[in-house]
Protein chains: 2
Amino acid sequence: MRKLGLIAGGGSLPVEIAEHCKQAGRPFFIARLKGFAGPELAPFPGADVGLAEVGKCIKVLKRAGCQSVCLVGNVSRPDFKSLKPDLRGIAILPAVMMAARKGDDALLRVILNEFAKEGFAIEGAHEAKSDLTLGVGPLGRITPNEHHQLDILRALHVARQIGALEIGQGAVVCDGLVLAVEAQEGTDAMLRRVAVEIPAAIRGTPGAYRGVLAKAPKPIQETRVDLPTIGLATIQRAAAAGLAGVVGEAGRLLVLDREQVIELADDLGLFIYGVEPPPP
Amino acid sequence: MRKLGLIAGGGSLPVEIAEHCKQAGRPFFIARLKGFAGPELAPFPGADVGLAEVGKCIKVLKRAGCQSVCLVGNVSRPDFKSLKPDLRGIAILPAVMMAARKGDDALLRVILNEFAKEGFAIEGAHEAKSDLTLGVGPLGRITPNEHHQLDILRALHVARQIGALEIGQGAVVCDGLVLAVEAQEGTDAMLRRVAVEIPAAIRGTPGAYRGVLAKAPKPIQETRVDLPTIGLATIQRAAAAGLAGVVGEAGRLLVLDREQVIELADDLGLFIYGVEPPPP
């Protein structure tokens, strides 16, 4: 089994994958991105690297004997002026900055390309840990009813299209109307806005759920990285926004803290539902 | 000159058009939408009508001798359950509710169709008062520089595309990255979010403007109604969000309070810029 180099940002996903590797007996080594990777990663084998220390990152992962890399966790988009790149970082910075203008996906492709050039295989989080993504059908006890189907289809369509435009990955639709679309503010901020800025007349309420959140990768997305993700905060905020459920494409939506997410959605009465991805 | 029936919601646009008709000696009569039309309209000839009193609205405008109608001003999307429609209103309510699922533009088309059936000509606000829209080039003293051109093109492209998807009319782009897209929350809320929710590293600031707001109708939009609009609040919020300027399509962006808007943009150092609309 090839040794995994986990390049880790913030949040619970890097921890989940590290725990999984440990339990499965798969060798791994973590490059902890300074300022992003959480303290829960400290007990695992690893080293700290700066966000733009691309040369150092490659070196520590090679020295540890890693054959593949998996880039996971949250990294907020940096102010390029404040980065402290090493030589390798400086070399790719112009390409990174050009790609950054096209969106996160393009940016990540440039970075991963450097690792591929060094002979690393690239793994998506869902490849490193196979039960991370949504399957087809309901994830918990609650299932969408017939009335929800139109909103599910419309929300997924909008989420894919705004992905294709390099805008974002999420959309909220209620009774056919697009209430909100996610760009750089992120899903949580979008859901908060539905709860506080959208008139109650055109959305659901915690007492009477209506509408859905869809998260989908763009049709041509590099799905090895930057898959859309949901977690406990997503479910909580979706309920607060009066939504009836959350939908995504099977195999293409990461579910963090899976057990707790299912329990929370069941308790709150929201569905989490996976549909077959569209043919490529 | 045909007599104008002004069906008036809130905001300054109905007042501007009424003042314009009065000064130009054009006969007009206002159907003031209850709960939306402001008290500044009271001095003009007119009558109050409920939002769903379609029959009454047609009757008062016919009795006043109007030959055309112009639907202007803000009307927030109603809770359909709270409407008190008259008979004509009840007759079209199913079609209105169906259209509402497709977006504001579809909804307005259904309503205007009722007036067209009764023989009224339909006028857009920019037809009732021709100097309301943006022209080609800068509106005030400030002009965009070369660096802004890519953001202008990208923001207009995104605004048109999200229009085509029936999502909304506005988008904010900074250095090629789509920071925010407008759906049902409206432009002001979107600009507020850029100021408070988007990391300062990827946007401009009031001291160092970067990025633009674009508002554009969707490629197939019924431009007689529901043209995108900017006003004093748009300029204020765009400056607070650190944007360098506001762009739109010539003849297809309404500018409210034109003189004050130009003065404010000049004072704050923002450009307002019109580009030729794309060929149909």
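Running Debye on the range A:135-280 with equal point scatterers at the Cα sites and no solvent, what base-10 log of I(q)/I(0) appears at q = 0.20 Å⁻¹?
Here the Debye-derived log intensity ratios amount to -1.21.
For B:Gln23, go 7 angstrom from Cα along the Cα-to-Cβ vector, then report the distances to that same point in the other copies in nm, smallest first.
Values, ascending and in nm: 7.4.
Roughly how far apart, in whole Å, are the Cα centres of the range B:102-137 and the range A:141-177?
Measuring centre to centre over Cα atoms gives 30 Å.
Quote the Stokes-Einstein diffusion coefficient, in whole µm² s⁻¹, for the range B:52-118, based on the Kirkwood radius over alpha carbon pairs, a temperature of 37 °C and a viscosity of 0.692 mPa s.
Rounded, D is 261 µm²/s.
Starting from the coordinates of the alpha-carbon atoms of the protein assembly as shown, obtain the Kirkwood hydrodynamic radius over all distinct pairs and give the value in Å to one decimal.
It is 25.5 Å.
Per the helix-only calculation at 222 nm, which mean residue ellipticity applies to chain A, given -39500 (n - 2.57) for every DSSP H run of n ≥ 4 and division by its residues, nearest 500 deg cm²/dmol?
For chain A, the value works out to -11500 deg cm²/dmol.
Suppose R0 equals 41 Å; then what is the FRET efficiency for B:Lys102 and A:Val136 from their Cβ-Cβ distance, rounded to the nearest 0.05?
For B:Lys102 and A:Val136, the calculated efficiency is 0.90.
So what is the relative contact order of the range B:135-189, in percent, for Cα pairs below 8 Å that sit 6 or more residues apart?
It rounds to 26 percent for the range B:135-189.
Say a label goes 7 Å from Cα toward Cβ at A:Ala201 in every copy; what distances in nm does this one have to the rest, shortest first?
Those label-point separations list as 4.3 nm.
How big is the charge dipole of the range B:1-105 about its Cα centre, in debye rounded to the nearest 20, if each Lys and Arg gets +1 on its Cβ and each Asp and Glu gets -1 on its Cβ?
The dipole of the range B:1-105 has a size of about 400 debye.
Compute the accessible area per residue over the range A:13-166, keeping the other protein chains in place, probe 1.4 Å, unit Å².
Heavy-atom SASA per residue in the range A:13-166 reads 48 Å².
What is the sum of charges around A:Gly137, taking Lys and Arg as +1, Asp and Glu as -1, for the other residues whose C-beta is under 13 Å from the C-beta of A:Gly137?
Net local charge, A:Gly137 excluded: -1.
Given the options B:Lys56, B:Lys117, B:Lys34, state which has the largest fluctuation in a GNM of chain B using a 10 Å cut-off (strictly under) for Cα springs.
Of B:Lys56, B:Lys117, B:Lys34, the most mobile in the Gaussian network model is B:Lys117.
Past the 16 angstrom mark, what percentage of all C-alpha to C-alpha distances in the range A:81-150 do you count?
More than 16 Å apart: 67 percent of the Cα pairs in the range A:81-150.
Kindly work out what percent of the DSSP beta bridges joining two residues of the range B:167-280 are antiparallel, to the nearest 5.
Of those bridges, close to 45 percent are antiparallel.
Using a Gaussian network model on chain A with a 10 Å cutoff between Cα atoms, which of A:Leu156, A:Leu191, A:Leu83 fluctuates the most?
A:Leu83
Have a look at the DSSP beta bridges in the protein assembly as shown and tell me what percent are antiparallel, nearest 5.
The answer is about 30 percent antiparallel.
If you add up the charges near B:Asp257, with Lys and Arg at +1 and Asp and Glu at -1, over every other residue whose beta carbon is less than 10 angstrom from its beta carbon, what do you get?
Summing Lys/Arg as +1 and Asp/Glu as -1 gives -2.
Averaged over every viewing direction, what's the projected area of the C-alpha convex hull for chain A? Give it in nm², one decimal, please.
14.7 nm²
Averaged over B:183-191, how many beta carbons belonging to a partner chain fall within 10 Å of each residue's beta carbon?
Mean partner shielding for this stretch: 6.
Which of B:Leu13, B:Pro199, A:Leu71 sits closest to the plus end of the dipole of the protein assembly as shown, meaning its Cα is farthest towards the positive end, when Lys and Arg get +1 and Asp and Glu get -1 on the C-beta?
Among B:Leu13, B:Pro199, A:Leu71, the one farthest towards the positive end of the dipole of the protein assembly as shown is A:Leu71.
Note down the relative contact order for the range B:149-263 as a percent, whole number, built from C-alpha pairs under 8 angstrom at least six residues apart.
Reported relative contact order: 28 percent.
Quick one: which residues, 5+ away or cross-chain, put their amide H under 5 Å from the amide H of B:Gly46? H built at 1.01 Å from N.
So B:Gly46 has HN proximity to B:Ile30.
Sequence gap at least 6, Cα distance under 8 Å: using those rules, report the relative contact order of chain A to the nearest whole percent.
Relative contact order here is 17 percent.
Please check: in the Gaussian network model of chain A (C-alpha springs, under 10 Å), which one of A:Ala125, A:Ala116, A:Ala155 has the largest mean-square fluctuation.
Highest fluctuation of the listed residues: A:Ala116.
Please express the shape of the range B:130-184 as an equivalent ellipsoid: the semi-axes are the square roots of 5 times the eigenvalues of the C-alpha gyration tensor, given largest first in whole angstrom.
Working from the Cα gyration tensor, I get semi-axes of 21, 17, 8 Å.
Can you list the residues, at least 5 places off or on another chain, whose amide H is less than 5 Å from the amide H of B:Lys3, using H built in the peptide plane?
B:Gln67, B:Ser68
Peptides B:100-109, B:4-13: what's the order by average Cβ count within 10 Å, highest mean first?
Put in order of decreasing packing, that is B:4-13, B:100-109.
Under 13 Å from the Cβ of A:Lys81, count the other residues' Cβ atoms, weight Lys and Arg +1, Asp and Glu -1, and hand me the total.
Neighbourhood net charge equals +1.
Pull up all non-local amide H partners of A:Val247: gap of 5 or more, or a different chain, and H-to-H distance under 5 Å with H placed in the peptide plane.
Placed amide hydrogens put A:Leu213, A:Ala214, A:Lys215, A:Tyr273 under 5 Å from A:Val247.
When the solvent-accessible surface of protein heavy atoms is calculated with a 1.4 angstrom probe, in what order do B:Glu123, A:Glu197 fall, highest first?
Accessible-area ranking of B:Glu123, A:Glu197, largest first: A:Glu197, B:Glu123.
The values are calculated or read from the model by the stated rules, or taken from the named source; none is laboratory data. Keep in mind it's a predicted model, so treat the numbers as computed, not measured. A quick note on method: Cβ atoms are made from the backbone with ideal geometry, for glycine too, and the neighbour counts reach across all protein chains shown. Accessible surface areas use protein heavy atoms only, side chains included; no ligands, DNA or RNA. Shrake-Rupley method; radii C 1.70, N 1.55, O 1.52, S 1.80 Å.
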